[in-house]
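Down below is the structure, laid out as C-alpha cells.
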C-alpha cells in the first residue's frame, strides 16, 4: 500500500513523522502539496497526526490507476459546487436560516429526506422561476479542483454522472459547461412563471440516486470496481456504496465513517492524487 498525504501546507517534519509511523520505504512528491509514502502500513497515530496538521491521508493500492475506472458519479450541492442551491433560493425570500437548518439536519441523517425536501420546497411557493437562474449566475461556484477532476476524467475516457437532490434548472446548465455525460435531479413545478412549492414526479432521494447509478452502470456494462463516487451527505451513502472507490468530500461524520476515503482539507482534484 501507499499512503497519500495532501494538504494546503505539508511540512517536512510532519512527513517524516508519518513515514516513521507507517514504516514507509520512501517519500515521493507527486505534486506541489501531495506526497506518496511507499510501502506504508496502517498504524496508530496516523489519523491523529494528520488531523492535528490539517492533512488528508489515504491508504491506496500501489497499482491503482485513474484510467482503470469507467464511471465517475458525483453529488452536486456542497460537492461539485460550493453552495446548497435550495438554501440560496430561500435566501431570496428571506428564509435561508430556516431552510438551511432543515438542510443540515437532513444531510446529517437526522430527519427523513423526502419530508425535509417537501417542507423546504413548499417555502419557495410564489418565487419567480428565474430565481434559479439568479442563483446560478450570481452565487454558484464550482468546488476547488472540480474542473481539474472532470477534465482528467474526460481525457481518460471516464463517463461522468451528476446525481442531485437539487434541481434540473441548475444541472442542465452545468451539463454542457462541464461536459457531463449524465445528470439526474428534481424538477420544480411552475405555474405562470412562479414556483408552486411542489416537485414534479418522484423525488430524487438516496434510493433515486442509487438507482440512477445502477441504471447508467448497467447501460455501460461496467462493474462496481470501475466506479468512483463522491458525496457529502447522508443521502449520498447509498449511491456511494455501489462504487469501488467512494470519497467523502468535506462531508458529515456519518459519511466520512463509511466512505473508502475522505477529503477534508483540499479540493476535488485530491481524488486524482489517490491514483498512481
- Shape parameters for the stretch 179-267, alpha-carbon atoms, Rg then Dmax in Å: 15.3, 47
- Query: How big is the stretch 176-230 by the Kirkwood estimate over distinct Cα pairs, in Å?
  - Reply: 13.6
- Could you tell me what percent of the DSSP beta bridges with both partners in the chain are antiparallel, to the nearest 5? 50
- Debye intensity ratio in log₁₀ form over the Cα atoms of the stretch 137-181, taken at each q of 0.34 Å⁻¹: -1.35
- Degrees separating the helix 206-220 axis from the principal Cα axis of the chain, which is the longest one: 70
- What spacing in nm lies between the two simple spin-label points modelled at residue 110 and residue 175, each 7 Å away from Cα in the Cβ direction? 3.5
- Query: To two decimal places, what compactness ratio does the chain give when its Cα radius of gyration is scaled by 2.2 N^0.38 Å?
  - Reply: 1.05
- Query: Binned at 5 Å from 0, what are the whole-percent values of the Cα-Cα distance distribution for the stretch 1-62, short to long?
  - Reply: 4, 21, 38, 27, 10, 0
- Query: Using a Förster distance of 45 Å, how high is the FRET efficiency between residue 147 and residue 12, based on the Cβ-Cβ distance and rounded to 0.05?
  - Reply: 0.90
- Task: Please list 94-104, 177-187, 241-251 highest first by mean number of surrounding beta-carbon atoms within 10 Å per residue.
- Result: 241-251, 177-187, 94-104
- Could you give the length gained on full extension between residue 122 and residue 155, defined as 0.36 nm per residue of separation minus the Cα-Cα distance, in nm? 7.7 nm
- With r defined as the distance between the Cβ atoms of residue 134 and residue 62 and R0 fixed at 51 Å, what FRET efficiency is calculated, to the nearest 0.05? 0.60
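Here, each number is a calculation from the coordinates, and none is a lab measurement. Computed from a predicted structure; not experimentally measured. Heads up, the Cβs are rebuilt from the backbone with ideal geometry, glycines too, and the neighbour counts pull from every protein chain shown.
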